[in-house]
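**Student:** Right, I'll just put the structure down here and ask away after.
Rule-based calculations on the coordinates, nothing more; no lab input. Keep in mind that what you see is a predicted model, and the values were worked out from it rather than measured. FYI the Cβ positions are ideal-geometry reconstructions off the backbone, even for glycines, and counts take in every protein chain you see.
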Number of protein chains: 2
Amino acid sequence: MNDKTSVLTCELVNLSTRKLKKIQTMKRTKVVDVLKSTDFGKEVVVKGWVRTHRSSKAVDFIALNDGSTIKNIQIVVDPSKINADTLKSITTGACLCVTGTLVESQGKGQSVEIQCQDIEVYGLCGSDYPMQKKGQSFEYMRQHAHMRLRTNTFGAVMRIRHNMAFAIHQYFHEHGFFYFHTPLITASDAEGAGEMFQVTTQNLNDLKKGEDGKVSYEDDFFGKMTSLTVSGQLEGELGATALGQIYTFGPTFRAENSNTPRHLAEFWMIEPEIAFIALPDLMDLEEDFIKYCVRWALDNCKDDLDFLNSMIDKTLLERLQGVLKNDFVRLTYTDGIKILEEAAANGHKFEFPVSWGMDLASEHERFLVEHHFKKPVIMYDYPKEIKAFYMKINEDGKTVQGTDVLFPQIGEIIGGSVREESLEKLTSEIERRHIPMKDMWWYLDTRKYGTCPHGGFGLGFERLILFVTGMQNIRDVIPFPRTPKNAEF
Amino acid sequence: MNDKTSVLTCELVNLSTRKLKKIQTMKRTKVVDVLKSTDFGKEVVVKGWVRTHRSSKAVDFIALNDGSTIKNIQIVVDPSKINADTLKSITTGACLCVTGTLVESQGKGQSVEIQCQDIEVYGLCGSDYPMQKKGQSFEYMRQHAHMRLRTNTFGAVMRIRHNMAFAIHQYFHEHGFFYFHTPLITASDAEGAGEMFQVTTQNLNDLKKGEDGKVSYEDDFFGKMTSLTVSGQLEGELGATALGQIYTFGPTFRAENSNTPRHLAEFWMIEPEIAFIALPDLMDLEEDFIKYCVRWALDNCKDDLDFLNSMIDKTLLERLQGVLKNDFVRLTYTDGIKILEEAAANGHKFEFPVSWGMDLASEHERFLVEHHFKKPVIMYDYPKEIKAFYMKINEDGKTVQGTDVLFPQIGEIIGGSVREESLEKLTSEIERRHIPMKDMWWYLDTRKYGTCPHGGFGLGFERLILFVTGMQNIRDVIPFPRTPKNAEF
């Protein structure tokens with residue numbers, strides 16, 4: 001069947017591909033690499049978008065950026081060598097392919113530049129370009145989220161976001177965790193953690209009703225009511241009690257009508273879960289993990305952090321270095337309350353009065369972290385009534401082995417716990433709380449068959465990015481934020 | 001405010017944490033590390049689940065597995081040293097903490113074993129344990145997906161899945177791509193790629209209707225009708241035309257009522273998108289990328305692949321090595337059709353007759369890959385009518401720069417294209433196809449403002465895992481599959 005004609009055809013095809021490659025224009029060099037090069041006199045091709053174009057009689061300067069770095073490459077153009085109309089048409093936002101010679105820069109602010117030989121215009125950019133002007137408000141940027149990625153600030157944030165995601169995968173891989181994909185569409189509600197989005201394939205204009213007059217899910221895609229998950233933890237526990245150590249890293253959803261700078265309806269969460277871990281080791285893991293991420297940012301995102309430190313938050317680098325420098329405080333909830341009560345007794349005004357059993361408000365967390373200890377705090381042994389049903393109950397019967405990591409500016413950045421591994425205790429807690437567990441027989445099976453001590457924590461990815469970038473609004477650290485009344489792009 | 005008493009309290013807390021750490025039991029060693037150790041005579045602690053327990057008068061053998069590797073550590077127990085009732089209670093699935101001495105193994109099949117000194121039982125396991133018996137059907141395993149993770153096969157698949165995800169992040173990071181999180185909840189339909197799941201916060205039993213009698217989305221969470229995305233490509237193009245090179249890696253949804261071994265309603269997809277790339281380079285990237293993943297598996301998942309090769313698919317390793325050994329064929333659609341037509345003329349029977357313009361069926365793809373070339377094929381320049389609106393139209397006006405990678409057994413594993421960068425051509429194609437673009441003004445803006453040549457591709461993650469593991473059903477390569485009428489766990 002493999003006859004000669006066909007083989008020939010194939011070889012001709014391969015030849016033509018090779019030929020096609022040769023006649024292609026020279027390969028482009030990324031701006032990040034050009035800026036590091038000292039190969040002066042060499043011909044290079046760079047491609048990117050115009051940030052600025054300054055003209056004079058003798059020379060034109062074009063600052064070109066291709067997204068690989070926050071820095072631009074300066075293109076020096078002799079206007080007599082380029083068609084005057086073409087040169088004039090090159091405005092901010094235009095996309096160019098520039099061929100030229102790499103030379104040492106005469107000017108300040110850069111070490112290399114390109115003496116232009118030729119410009120090919122890929123795409124012009126009209127004066128209605130939304131990113132034309134500098135210094136637009138963040139709210140304006142959000143309305144143009146599809147174009148804000150081309151600005152210095154959002155380029156920096158997105159490159160740091162990539163680096164933090166990569167650091168997380170690297171950390172867990174190095175430490176023998178397996179990345180575990182828990183489902184997003186779920187028929188159960190993990191911890192009653194919040195309002196959920198319903199997922200359906202029914203035609204809302206023609207809903208099927210049951211005999212009781214209520215909507216019947218019989219013909220819906222999954223044959224029952226389903227929602228978007230608020231946490232992968234319970235499924236993560238299934239993974240950890242089989243594979244030993246797993247982590248999730250995926251989108252998570254809350255249908256809360258919260259129009260605040262700290263809430264998203266769709267966000268990314270990291271949830272490691274570890275078999276055979278006890279509370280002190282869990283707290284060590286939390287500290288080690290988050291320091292690894294911060295160190296990664298300082299080691300790998302210098303240019304972007306320098307930019308954000310100078311333009312967005314002048315204390316950013318200092319705060320990141322502070323996290324690395326200090327051991328995190330280990331503080332029981334009970335001791336934390338004592339410190340806050342003493343502070344109140346000594347005249348510090350809190351909006352919400354302090355008493356044992358309360359859920360700490362942001363003002364309390366910040367007092368402990370920013371004012372009292374001046375370093376991150378890992379709080380543990382919380383009152384059981386303010387924590388979730390699955391946390392391991394201490395011998396005192398009042399507290400559970402929950403552990404939150406409290407950070408300056410951000411407040412709670414990590415929440416975790418050792419899980420209750422006793423089927424009896426877990427079941428009785430579920431009953432005491434009247435939690436409907438009919439759809440969660442599988443979760444209880446982990447305690448029924450070879451149960452083991454285990455624990456884990458959750459980190460809201462965007463909270464981490466807020467901390468590492470110094471940005472103030474969570475809508476500005478994810479490409480296309482989902483918030484009440486906003487699913488644009 | 002930072003008074004002495006509080007500082008003291010804090011120090012006491014830190015002291016008690018340190019003390020707590022000291023009195024903890026010895027740290028466990030993972031089975032994967034114990035098996036590599038030659039530190040004979042050393043006391044070790046291992047924790048895990050019992051795979052088998054064989055008893056005799058003189059000695060008990062317990063095979064313990066902790067998920068870190070497919071291999072078990074053999075625990076050798078002198079029954080006179082352990083409480084007889086305890087020892088008897090230890091059955092398949094029980095969870096143990098074993099303290100003992102590492103010794104060279106006398107038996108076959110392992111190089112080290114542990115002479116048991118003490119056993120702590122974390123959790124017993126009743127005889128109703130669903131993973132009790134070996135050799136259960138895959139369908140049975142799916143019904144117990146929460147427990148199948150504790151078996152050899154699913155442990156192997158999940159560790160390989162982790163490694164493939166890590167290899168993907170590693171590849172793109174090394175090559176200067178940025179991980180870009182495109183939204184899952186969307187108000188637009190990327191390419192009409194399939195049926196979508198609707199997302200809503202409305203109470204289906206009490207829907208608000210508009211004046212026209214139809215459901216009003218005014219009060220829904222996003223104020224409009226929203227769905228789960230079928231592709232992140234269009235948003236990915238926004239990223240690439242700002243940051244240069246991005247990739248997505250996240251869940252994707254199709255509400256197709258397909259009960260097949262190759263379809264999931266919720267699956268993970270990888271979609272790189274690259275500015276300034278032309279078709280030959282895009283095909284090179286596809287080949288390089290997928291070879292990197294396969295090489296990673298061979299280099300990092302040896303034990304698991306050996307197991308799958310012996311238990312699931314005896315040609316697995318050979319097929320993986322075959323991918324690395326061969327250059328992928330580059331073949332235009334038109335030449336592919338010629339080969340198929342010749343084969344038909346020479347007597348090969350195809351179920352679906354071959355003619356230019358048709359969408360290739362699985363039998364055609366497999367003929368080319370498995371029969372004719374006997375290696376992977378990258379097909380390109382497809383008829384425009386069978387491909388999506390955004391693909392770059394060739395000068396012939398009939399074909400587009402689409403490129404699919406065809407693999408043995410799997411068929412299409414990658415689908416990609418160079419995108420049409422001309423606003424005029426793209427708009428006219430959209431109009432010609434009557435695609436509603438009212439919600440996609442932002443996508444067209446990439447062509448309006450500084451448009452650039454670009455392209456990318458999509459890889460269904462589970463298709464890759466099928467190929468790399470030799471598993472036959474896509475429901476067996478994701479922890480908790482979502483399929484019609486099934487959202488369990």
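**Student:** Please get the size of the charge dipole for segment B:25-123, origin at its Cα centre, with Cβ charges of +1 on Lys and Arg and -1 on Asp and Glu, quoted in debye to the nearest 20. Kindly include the intermediate steps, with their values, before the conclusion.
**Tutor:** Details: 13 positive and 11 negative charges, 52 e Å.
Value, rounded to 20: 260 debye.
**Student:** How high is the relative contact order of segment A:25-123, given as a whole-number percent (alpha carbon pairs under 8 Å, six or more residues apart)?
**Tutor:** 30
**Student:** Moving on. Which peptide among A:176-183, A:274-281 comes first, and what is the full order, when sorted by highest mean count of other Cβ atoms within 10 Å?
**Tutor:** On the way: A:176-183: 23.4, A:274-281: 21.8.
My ranking of the peptides, most packed first, is A:176-183, A:274-281.
**Student:** Using only the Cα atoms of segment A:150-266, each taken as one equal point scatterer with no solvent, compute I(q) by the Debye sum, divide by I(0), and report log10 of the ratio at q = 0.16, 0.23 Å⁻¹.
**Tutor:** Those come out to -0.96, -1.24, one per q.
**Student:** Rounded to the nearest 5, what % of the DSSP beta bridges within segment A:25-123 are antiparallel ones? Walk me through the numbers on the way to the answer.
**Tutor:** Working: 28 of 31 bridges.
The answer is about 90 percent antiparallel.
**Student:** What 222 nm value per residue comes from the helices of chain A, counting each DSSP H run with n ≥ 4 as -39,500 (n - 2.57) and dividing by all residues, nearest 500 deg cm²/dmol?
**Tutor:** Result for chain A: -10000 deg cm²/dmol, rounded to the nearest 500.
**Student:** Helix B:316-325 sits at what angle to the longest principal axis of chain B, using alpha carbons and giving 0 to 90 degrees rounded to 10?
**Tutor:** 50
**Student:** Same structure again: How far apart, in nm, are the 7 Å Cα→Cβ label points at B:Lys398 and A:Ser422?
**Tutor:** In this crude label model, B:Lys398 to A:Ser422 measures out at 7.7 nm.
**Student:** Okay, moving on. Can you list the residues of segment A:241-273 with backbone N under 18 Å from a point 7 Å past the Cα of B:Asp439, pointing along Cα to Cβ?
**Tutor:** Zone members listed by number: A:265-266.
**Student:** Separate question: Measure nothing fancy, just the Cα-based angle from helix B:4-22's long axis to the longest principal axis of chain B, in degrees from 0 to 90, nearest 10.
**Tutor:** With both axes taken from Cα atoms, the answer is about 80 degrees.
**Student:** Relative to the longest principal Cα axis of chain A, at what angle does helix A:333-345 sit, 0 to 90 degrees, rounded to 10?
**Tutor:** The angle comes out at about 90 degrees.
**Student:** What's the ranking of B:294-304, B:366-376 by average number of surrounding C-beta atoms within 10 Å, highest first?
**Tutor:** Most protected by this proxy first, the peptides run B:366-376, B:294-304.
**Student:** List the distances, in nm to one decimal, from the label point of B:Asn473 to the label points of the same position in every other copy, shortest first, placing each label point 7 Å from Cα along the Cα-to-Cβ direction.
**Tutor:** Ordered by distance, the counterparts are at 4.9 nm.
**Student:** A follow-up question, please. Let me see the pair-distance distribution of segment A:346-466: every alpha carbon pair, 5 Å bin width, integer percents in order.
**Tutor:** Calculated over all Cα pairs of segment A:346-466, the distribution is 2, 10, 17, 19, 18, 13, 10, 7, 3, 1, 0 percent.
**Student:** Here's a follow-up. Could you tell me the calculated FRET efficiency between B:Lys57 and A:Lys325, based on Cβ-Cβ distance and R0 = 60 angstrom, to the nearest 0.05? Please list the in-between numbers first.
**Tutor:** Numbers: r = 61 Å, r/R0 = 1.02.
Rounded to the nearest 0.05, the efficiency is 0.45.
**Student:** Hey, what's the per residue convex hull volume over the C-alpha atoms of segment B:231-351, in cubic angstrom? Spell out each step's value before the answer.
**Tutor:** Working: hull volume 23.5 nm³, N = 121.
It comes to 194 Å³ per residue, whole-number rounded.
**Student:** Diagonalise the Cα gyration tensor of the protein assembly as shown and give the resulting equivalent ellipsoid semi-axes, square root of 5 times each eigenvalue, largest first, whole Å. Before the final figure, lay out each step's value.
**Tutor:** Working: eigenvalues 448, 283, 172 Å².
Listed largest to smallest, the semi-axes of the protein assembly as shown are 47, 38, 29 Å.
**Student:** How big is D, in µm² s⁻¹, for chain A by Stokes-Einstein at 25 °C and 0.890 mPa s if Rh is the Kirkwood radius over C-alpha pairs?
**Tutor:** 92
**Student:** Other chains' Cβ within 10 Å of A:343-349 residues: what's the mean? Don't skip to the answer; put the middle values down first.
**Tutor:** On the way: counts 4, 0, 0, 3, 1, 1, 0.
Rounded to a whole number, the mean comes out at 1.
**Student:** Now for a separate question. Rounded to whole Å and sorted largest first, what semi-axes of the equivalent ellipsoid does the C-alpha gyration tensor of segment B:25-123 yield via the square root of 5 times each eigenvalue?
**Tutor:** Each semi-axis is √(5λ); the values are 19, 15, 13 Å.
**Student:** Using the basic label-point model (7 angstrom from Cα toward the beta carbon), what is the B:Lys314 to B:Asn473 distance in nanometres?
**Tutor:** Spacing of the two 7 Å Cα→Cβ label points: 2.3 nm.
**Student:** If the chain between A:Glu431 and A:Gln136 were fully stretched, how many nm would it gain, using 0.36 nm times the residue separation less the Cα-Cα distance?
**Tutor:** 100.8 nm
**Student:** Also, quick follow-up: Among A:Phe467, A:Tyr449, A:Ile430, whose Cα lies farthest out toward the positive end of the dipole of segment A:423-489, if unit charges sit on the beta carbon of Lys, Arg (+1) and Asp, Glu (-1)?
**Tutor:** Ranked along the dipole, the leading option is A:Ile430.
**Student:** Further, regarding this structure: Take every Cα pair under 8 Å in chain B that's 6+ residues apart, average their separations, divide by the length, and report that relative contact order as a whole percent.
**Tutor:** Once normalised by length, the contact order is 13 percent.
**Student:** Report the percentage of all Cα-Cα pairs in segment A:227-277 whose separation exceeds 15 Å, rounded to a whole percent.
**Tutor:** That tail contains 51 percent of the Cα-Cα pairs.
**Student:** Let me ask something else. About the Cα centre of segment A:430-489, what is the dipole size in debye to 20, counting +1 per Lys and Arg Cβ and -1 per Asp and Glu Cβ, all else neutral?
**Tutor:** 240
**Student:** Can you tally the net charge around A:Gly456? Count Lys and Arg as +1, Asp and Glu as -1, for every other residue whose Cβ sits under 11 Å from the Cβ of A:Gly456. Intermediate results must be reported in sequence, preceding the final value.
**Tutor:** Working: positive: A:Arg419; negative: A:Glu237, A:Glu271, A:Glu273, A:Glu286.
Residues close to A:Gly456 contribute a combined charge of -3.
**Student:** How fast does segment A:413-477 diffuse by Stokes-Einstein, in µm²/s, taking the Kirkwood radius from C-alpha pairs at 25 °C and 0.890 mPa s? Provide the component values of the computation, followed by the final result.
**Tutor:** Numbers: Rh = 14.5 Å.
D, rounded to a whole number, is 169 µm²/s.
**Student:** What order do you get for B:195-202, A:161-168, A:449-456, A:391-398 when each peptide is scored by the mean count of other beta carbon atoms within 10 Å, highest first?
**Tutor:** My ranking of the peptides, most packed first, is A:449-456, A:161-168, B:195-202, A:391-398.
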